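Undergrad: Questions regarding the structure given below will be posed in turn.
The values are calculated or read from the model by the stated rules, or taken from the named source; none is laboratory data. What you see is a predicted model; the values in this text were computed from it and never measured.
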Amino acid sequence: MEHDFSAQDGYFTTCHLKRNFCGVSNNRSISAIDRERIDRQGTNAQGETVEATSSGSGNQAETQNDTEITSAEKTPTISNPRWEAADGQTIAKALVGDEVYLCADVTDIDEGATATIRIVEKDDDGNDDDLATLTDKVQDGKIRCDWKVVYTEDNDDTESQKEMEEKGYTLPEYAFTVECDGVKSEESGQLDVMGWIKKQFKYKKTGKPLANMNFTIYLLDGSEINGTTDSDGIVDVKDLKMGEYFIVFED
């Protein structure tokens, strides 16, 4: 509340009424009691300002901490790279021409992000050969990219050449890694590539199929596969190792 009034000695004095006391006397001097009260009020106001500033700093620190926590919680990862069949079962071998799926789980990577998948043909000397590069999108926290198995002859390392000499074939082994959002997965397990035979056999003289006849397939590594032809004389064997082999039919 503010009042103007005439004081003695011809002065006009403005009096500020605060907390029921007047801080100005008619002789324009301040009493010791009023000075003490004014100083005390100034000190309290300064303390409130410091406290407010400190509180503001605390809010800023809390905001910074929240940002750091949010950033720390986001850790992009790609895990569990694996080969799958169409039914979702994890596999370790496949036939040439089979459609397989290269899969991995992702964490803290945006939906729709593009992943790069690199397939290599494994060599015992560690100098793996690049086979194919594929791309796929992250969907539902996973990567699942389809690929048709091809046969690549593995003959560029000492172990492969030795295997060829001893067994007459080499068995390609494939693996892959996934890269996305600046992170890379560990290498997947190996996929062994197998062959197959599906062929009709007939009698040379008559041309009739060798129907329902027992046979034995001999591979150069000494292993054997036994079976029976169907009614059309067809030998149908899967998971056959690559290389040369001989078929003998029982009389």
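Undergrad: Considering every residue within region 227-242, establish whether at least one is acidic (Asp, Glu) and part of a strand (DSSP E or B).
TA: yes
Undergrad: Considering only residues of region 179-226 that are aliphatic (A, V, I, L, M) and part of a strand (DSSP E or B), which is nearest to Cys103 (Cα to Cα)?
TA: Leu191
For (1) more than 22 Å from Glu121 (Cα to Cα); (2) modelled with pLDDT under 90; (3) in the same structural domain as Val106 (by TED's automatic domain parsing); (4) not aliphatic (A, V, I, L, M), each residue gets a yes or a no:
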| position | (1), (2), (3), (4) |
| --- | --- |
| Ser185 | no, no, yes, yes |
| Ser188 | no, no, yes, yes |
| Lys204 | yes, no, no, yes |
| Lys208 | yes, no, no, yes |
| Ile217 | yes, no, no, no |
| Gly227 | yes, no, no, yes |
| Asp232 | yes, no, no, yes |
| Val235 | yes, no, no, no |
| Glu244 | no, yes, no, yes |
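Undergrad: Scanning region 66-97 for residues that are of a type in the set (Lys, Arg) and closer than 15 Å to Ser188 by Cα, which turns out modelled with the highest pLDDT?
TA: Arg82
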